[in-house]
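Okay, structure first, notes after.
The values are calculated or read from the model by the stated rules, or taken from the named source; none is laboratory data. Because the structure is a prediction, the values reported are computed rather than measured. Here the Cβ positions follow ideal geometry from the backbone for every residue, glycine too, while neighbour counts run over all protein chains shown. Ligands, DNA and RNA are stripped out before the accessible areas are found, and what is left, the full protein with its side chains, is counted by its heavy atoms. Shrake-Rupley method; radii C 1.70, N 1.55, O 1.52, S 1.80 Å.
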Amino acid sequence: MAGGIDNEFIKTLIDKTDIVEVAGSYMHLEKKGGTYWACCPFHHEKTASFHVDEGRQFYHCFGCSASGNVITLVKEMENCDFVDAVKILAERAKLTIPQKAYDNEQTVALKKKRDTILKILNDSAHFYLNNLNSGKADAHIEYILSRKIPSNIVRAFGLGASLNYTDLPKFLLSKGYSKQDIIASGAVNEAEGRLTDSQGGRLIFPIIDAFGQVIAFGGRALKKTDFAKYKNTRETAVFNKSKTLYNINGLKKLKRGQTVNSVIMVEGYMDTISLYQGGFKNVVASMGTSLTQDQARLIKRYANTIYISYDGDGAGQKANMRGLEILKSEGLEVKVVPLPEGLDPDDVIKTYGAEGYQKCLDGAMSLTDYKMTVSKRAFDLDKPEEKVKYVSDALRIIKGVGSAAEREMLLKKLRDETGISYESLNRDLQSEPAPEEERDTAPPAVKKDESDAHRKASRFVIAAFLFDAPYTKDLNIEDVPFDDEVHMLIAGYIRSKRMFDENISIPELFEFFDDGSAERAELDRVIDLDHGDNMDGEVNLKTFADCLKKLKSDEIDKKIDELKRSFTQSDDNEERVRTAAMVQQLIIQKKKIKGGDIL
């Protein structure tokens, strides 16, 4: 049973789902020959090495070795667990998931807790919405009107009202939820034995995930307070701020209906709502947090270009340089939107309209230009010592640019800004050390295969059987002396399929191993050996024969070593003579294997 769901249903789901169609909803696929290729969504690359095999219904990246079936793909792309991935695909295939019999009590408890929290948050969202429409939320309505948010936008974002600190806990307890569960949801706090609404008195912004589920709330204070103007409910079993973006559900819905070429990133709820109202529906918010790798990967599922549209003040425009580098490291083209000093996106929309904000977008700077602008602001170029510091800082930025043409243009711009000759700047640039890449923001390196010759040979042989290479047709896989547990399991699977004259299904194999395990990594290494040519051809035939000889010779060497140990430890002459004869026979057998045609 996989993830607590019947294996037969999983098999049916995989059979009824086309991985090419699913992958194509997340990335641009290009067909070459009989297979599909894309730039890998799991590591930064410029040349496509992500391969989707339509015939065998699996994907594999020849750059980072990521691989899996259609369920694994959805898990990774949607950042969800196995059960949620199955739900997404079942809904897509119009299949009903059978009653689940979970593997163990722990799985049952975790799933029940998560489902309960989601129900509590959903009921809380409806409670807040009813409050807003109750006639008792005058302050909340007044705020909404002052921000010129029309009723259709209020409904689209599910805005609500908390009237006080006590009504929500009473409501949830009346629904039959336990005290422990409503506290675990984050919607309710406990202090000195009293339960209180964690967003008491605030305008409520439901935070909704890509599956349309309410996972947390943001709240805006309506009066002057010593507390934060905006705050989110705390992190829970369903809410991790660093993995979440506000309006990601809206972005997902938008992509289902049209091509999304770029995403606009703002800081808060009102900026998101204002841009959405102005027609810029491809907008999400980081909710004031530093940008993370998980958020970068989330964005990359929807577009390859991101516009950072933070506040127009010095702090806002200088915000999160490290976060911008994280976005870049995930292969996103980063552009920074200059806004009028002191204004945020909401202000621009209110003051200059959608046309005014579009002009800001049209003037967006590349990440390098933005770095140069931020650096220039930090120095007074009328002072010689400050100018020298700026030049030094600017050259470090230019050194990190990959394109020679772009470096030349930036040097000319720096020349014009400082009055220093191009030649002098270029000489200093050449002597500038290469910038050190941030270790934690660098794209994942492809691991070098340092396995010994025996394991490499074993991988090639098992891969040839797995991909049904023509020269394996008349060979018995049980005659191959595999000693790696993963290779032995794959061999057993192949043997059983051959026995019943069934087709080998690589997607089935992915369910045998846990994601992230050493065993799964070994399966990925095996799959790495198939480069779309079905391992056919004379070169592969010779490699297979050499590898098979290696495995059989190594097996004989192992037997010889065991017999030699027995010979040394035995005091019985007759036994020693028999052992020596057996060793001699094995040596002859090994010579025949090395010199003969093994196929």
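Near residue 269, once Lys and Arg are set to +1 and Asp and Glu to -1 for all other residues with Cβ below 10 Å from its Cβ, the sum equals -2. Evaluated over the Cα positions of segment 226-356, the convex hull gives a direction-averaged projected area, one quarter of its surface, of 8.6 nm².
Simple point charges give the picture: +1 on the Cβ of Lys and Arg, -1 on the Cβ of Asp and Glu, and for segment 135-174 a dipole about the Cα centre of about 120 debye. Net length available on complete extension from residue 130 to residue 426 is 100.0 nm, with 0.36 nm assigned per residue and the Cα-Cα distance removed. Multiplying the residue separation of residue 383 and residue 113 by 0.36 nm and subtracting their alpha-carbon distance yields 90.9 nm. With q set to 0.17, 0.18 Å⁻¹, the log10 of I(q)/I(0) for segment 38-145, from the Debye formula over equal scatterers at the Cα positions, is -0.93, -0.97. Of [x] 308; [y] 435; [z] 255, which is the value of volume of the Cα convex hull per residue in Å³ derived from the coordinates here? The calculated read-out lines up with [z]. Over the residues of the chain, the helix contribution to mean residue ellipticity at 222 nm works out to -15500 deg cm²/dmol, using -39500 (n - 2.57) for each DSSP H run of at least 4. Each of 7, 278, 586 was placed along the dipole of the chain (beta-carbon charges, centred on the mean Cα), and the one lying farthest toward the positive end is 278. Measuring between their Cα centroids, segment 229-265 and segment 157-211 lie 21 Å from each other.
For segment 23-75, the square roots of the Cα gyration tensor eigenvalues, ordered a ≥ b ≥ c, give a/c below 1.5, which places it in the rounded category. Hey, can you list the DSSP H helices of the chain whose Cα span along the axis is 27 Å or longer and whose average Kyte-Doolittle score is at least -1.0? Span-like helices here: 105-132, 538-569, 573-595.
Once both labels are positioned 7 Å from their Cα atoms along Cα-to-Cβ, the gap between residue 305 and residue 374 label points is 2.1 nm. When the solvent-accessible area of segment 221-290 is split by element, carbon and sulfur atoms take up 44 percent of it, the probe being 1.4 Å.
Distance between the pseudo-spin-label points of residue 476 and residue 594 (7 Å out from Cα toward the beta carbon): 2.7 nm. Each residue, residue 94 and residue 30, gets one label point 7 Å from its Cα in the Cβ direction; the gap between the two is 3.5 nm. For residue 539 and residue 559, FRET efficiency with R0 = 25 Å and r from the beta-carbon atoms, rounded to 0.05? Given R0 = 25 Å and the Cβ-Cβ separation, E is 0.20. The relative contact order of segment 518-599 comes to 34 percent, based on Cα pairs under 8 Å that sit 6 or more residues apart.
Quick check on my link table: of 473/550; 11/112; 231/389, which ones sit more than 29 Å apart, alpha carbon to alpha carbon? Checking Cα-Cα distances, 231/389 exceed 29 Å. When the pairs 94/170; 75/255; 542/592 are compared against a 27 Å limit on Cα-Cα distance, 94/170 fall above it. Per-residue surface analysis assigns residue 171 an accessible area of about 60 Å², computed on protein heavy atoms at 1.4 Å probe radius. Once the Cβ-Cβ distance of residue 504 and residue 322 is raised to the sixth power relative to R0 = 41 Å, the FRET efficiency obtained is 0.30.
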